[in-house]
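The values are calculated or read from the model by the stated rules, or taken from the named source; none is laboratory data. What you see is a predicted model, and the numbers here were worked out from it, not measured in a lab. Here the Cβ is made from the backbone with ideal geometry for all residues, glycine too, and neighbour counts use every protein chain on show. The accessibility values were calculated without ligands, DNA or RNA, using every heavy atom of the protein model including side chains. Shrake-Rupley method; radii C 1.70, N 1.55, O 1.52, S 1.80 Å.
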Amino acid sequence: MSQPRVDLRGCLNESVHAIAPDLRGAVVYLDNGACEALGLTIGAKALFADFGASNVCDLGNASPQDAMMGMLGGGGYPPLVIFITQLLPMAKDSITKAMKIHPETPQVMVFCSYSVDAHPNPSGVIGTNAYMDFEKALGQQQDHKFPRGGNVGPSLEAPVQSGAAAVRVRYFPFPYSIITPWSFVLPSPGDSTSRWAAGDLGQGMGVEPVAPVEGSSDAAGASAPKSEVSLLSHAILGVACNLGVTLETFTLGPGAAQIGQEISKFGVPPALDGSTAEVSATLILVDRSMDMISPVMHSDNLVERMLTASSQIRDPSPTTSTSMDSTPCTSKYVSMNERSNRAHASASLKADQCSGVSLSSIGWFRPYDENWMRHFKELAGRRVKNGVVLVRKWLKEAMRRESVSQATRSKTGSPQTDELRSCIDALMQDSGVAFRQRIQIELGQTVVQSLDPEPSISQEVVSRNERQILMSPTPEELVQIVLDLLANTRKAQAVLSLMDVLGLLVFIYSLRGDEEGDAFTPAEEQFMMNAIIDGVIDDDNLEQHRWLGDLRHRIKQMQRSLRRHESNYETTALKLEFQDFLSGCFEKLRHISAARRGLRELRRLTGLNQDYIPLTRQIASLVYQDSKLEDLSRATSLLGGLLKMGLGRLGFQNKAKPGDHPVVILFVVGGISMMEVREVLAEIEDQSPWKPQVLLGGTCLLSDRDVARRVWG
């Protein structure tokens, strides 16, 4: 008998279906996180066609015209439905603005993706009735007041009574952005990312918490979770609520352990219809620091190359559209209007701050489209050369279907960018053809972009160095490789940038975790620090070194002093400050190198042939082997931990294994890479349907530059 399956897209669709009566005829506003998650997972068109919304718009750019479609045909003023992936106080200004823009609306329904338990009150106590307090606050703030009536969901009380409109706040489980049918991430512009991504714990680089001294001022608040722990924990619980599963949580890493304990304390909220989950699932939380190789490694894979190209050219300009139909959240009466472009810009900027790829800003990414998903799955495992040939085949087939001819004749062998451009141009001559074949066109455009000679050459050079490093040279040889590469970045025709080499250092330190002892001696690290300092000081283009923050502008002043042959106290002090800054970065690298120390099954990231095996794939493989995975820790609340300890002393040992449940959610705190999505898929496809279903999740989707900026920023 086959194990029960969880459908990522279908589950989120069911959650929206549960509130369909509230959506019918309403103007639906989505904040950036909801726009990405709902847009990429079910598609904004479904909110119109399947759920009957009169319009779907960006909350940050609300306008009176948004209600026009709902009033056609003599209908009254439409109600407002607002989805937010933020805490209520963070979204208050945007919600208030939308209400002022629509003073005649009869009802405002706010669906918040953070439960009441996730909201701290001003005194710092978690679990107050924040929904009811928010309803009252909005009622007192508006010029007009709101009547009593209707079901208010979790607040369990009627809305504030007065004038012509009613405000209600209800819980909507935290949405997620699907990448493939077996993988997902939290929406990058959401509050769960922007609030905790600045901290090491939320980036999967947390360290063991220091126990406060008994009687100290810190001891009283020691049990209160950090906001980043609480936000991320409740986001994951919301995802579990959407999937309809209960969780048994295992962790790997100190940050994951804190989040797992918080998850165990609260438990999965009930579904929107009040029902409890019937499917049990294993949640395995893994700190990103346990394996930093996959996000920075450059493999010969076309989809990874396409993602890198798209993430590097994100343009936050409010006047530029990314593709023909790239915005999942658009106004119904105006397609790709100026307001939706501004929403894209805001999402991209926030994604940069959150150190993750904003999927909604990638025009060719359409996981809600089944036809697109078929193309993507076929392309996902292809090498660059084979993938380009496949994309050319799709373009040729599209041209035959549309009876379109191209200007450039095809040549045998690997297609060149000129040939791909010719096929794309031919399909775009007619707007109807371009719309029907938009998937092939957008994939083709992104492939052409990813084959740009300059970044392609640099990626090949980095990849060659990664292969050399995997051959396990000695620490002395590794230091020399790094010093040579840093010296080459200072040449006039340098192929690699300084950030490329800094990414390689992350790769090296994570790989050195396979060995015993420290990665490098203090003297070897000092040699590398001095080379980085010299490289930055000699670089006239400091604009590319945004990772330096405020130091960048002061280093520019130091460069002027050095050119004038001035060696003053301020210059010396700044060099020392720069060295202190780099010392902090190398401390992070040492933490990465030591992260797997003490593990047994999961200590090594390389196989017998020194080939790299991502940690996520290793865990998935061991789950399928029904391993106990003794390197993992089982997360419990404080009470659960005491009960477990007492039962253990009585001889009742808990021998639960991660593979005991029909669904296993492998979630990486700090984000996942496209390589891991591909590698876990390869592991999944090798298994029978009677094995547990493994889903891969993460806080965000990572590119190589994202990880380098985390360590060096």
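To keep it simple, each residue is scored yes or no on (1) modelled with pLDDT of 65 or more; (2) outside any strand (DSSP E or B); (3) surrounded by 16 or more Cβ atoms within 10 Å (Cβ to Cβ).
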position	(1), (2), (3)
S123	no, yes, no
G139	yes, yes, yes
P159	no, yes, yes
G163	no, yes, no
V169	yes, no, yes
P175	yes, yes, yes
I178	yes, no, yes
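Looking only at the stretch 664-702, count how many residues are open to solvent by 10 Å² or more (accessible area, probe 1.4 Å) and part of a loop (DSSP other than H, G, I, E, B).
Going through the stretch 664-702 one residue at a time, the tally reaches 7.
Right, V506: of a type in the set (V, I, T), within 21 Å of M292 (Cα to Cα) and in contact (Cβ under 8 Å) with a residue 24 or more places away in the chain or not?
For V506, the condition - of a type in the set (V, I, T), within 21 Å of M292 (Cα to Cα) and in contact (Cβ under 8 Å) with a residue 24 or more places away in the chain - is met.
How about the stretch 52-71: which of its residues are among the small types (G, A, S) and touching a strand residue (DSSP E or B) at 6+ places or on another chain (Cβ under 8 Å)?
Of everything in the stretch 52-71, those that are among the small types (G, A, S) and touching a strand residue (DSSP E or B) at 6+ places or on another chain (Cβ under 8 Å) turn out to be A53, S54, A62, S63, A67, G70.
Can you work out which of the residues in the stretch 231-263 that are among the hydroxyl-bearing types (S, T, Y) and under 24 Å from L615 (Cα atoms) is nearest to the chain's Cα centre (by Cα)?
Among them, the one singled out is S233.
Being aliphatic (A, V, I, L, M), in contact with a Lys or Arg (Cβ under 8 Å, 6 or more places away or on another chain) and either open to solvent by 20 Å² or more (accessible area, probe 1.4 Å) or closer than 24 Å to L496 by Cβ (or both) is true for just one of I533, I555. Which residue is that?
I533
What is the one condition in (1) within 30 Å of the chain's Cα centre (by Cα); (2) modelled with pLDDT of 85 or more that E525 does not satisfy?
Answer for E525: the failing condition is (1).
So which residues in the stretch 244-266 are polar (S, T, N, Q) and not in a helix (DSSP H, G or I)?
Hits for the stretch 244-266 are T246, T249, T251.
Specify which of the listed residues (M499, M528) is touching a helix residue (DSSP H, G or I) at 6+ places or on another chain (Cβ under 6 Å), closer than 26 Å to T606 by Cα and open to solvent by less than 10 Å² (accessible area, probe 1.4 Å).
M528
Determine which member of the set P295, P318, P328 is modelled with pLDDT under 50 and surrounded by 22 or more Cβ atoms within 10 Å (Cβ to Cβ).
Answer to the check: P328.
Table: residues versus (1) within 19 Å of the chain's Cα centre (by Cα); (2) modelled with pLDDT of 50 or more; (3) under 29 Å from K691 (Cα atoms).
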site	(1), (2), (3)
L283	yes, yes, yes
N301	no, yes, yes
M324	no, no, no
N337	no, no, no
H344	yes, no, no
P367	yes, yes, yes
R382	no, yes, yes
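If I ask for residues that are open to solvent by less than 10 Å² (accessible area, probe 1.4 Å) and assigned to a strand (DSSP E or B), which ones from the stretch 267-291 would you list?
Once the filter is applied, which keeps residues that are open to solvent by less than 10 Å² (accessible area, probe 1.4 Å) and assigned to a strand (DSSP E or B), the stretch 267-291 yields A281, T282, L283, I284, L285, V286, D287.
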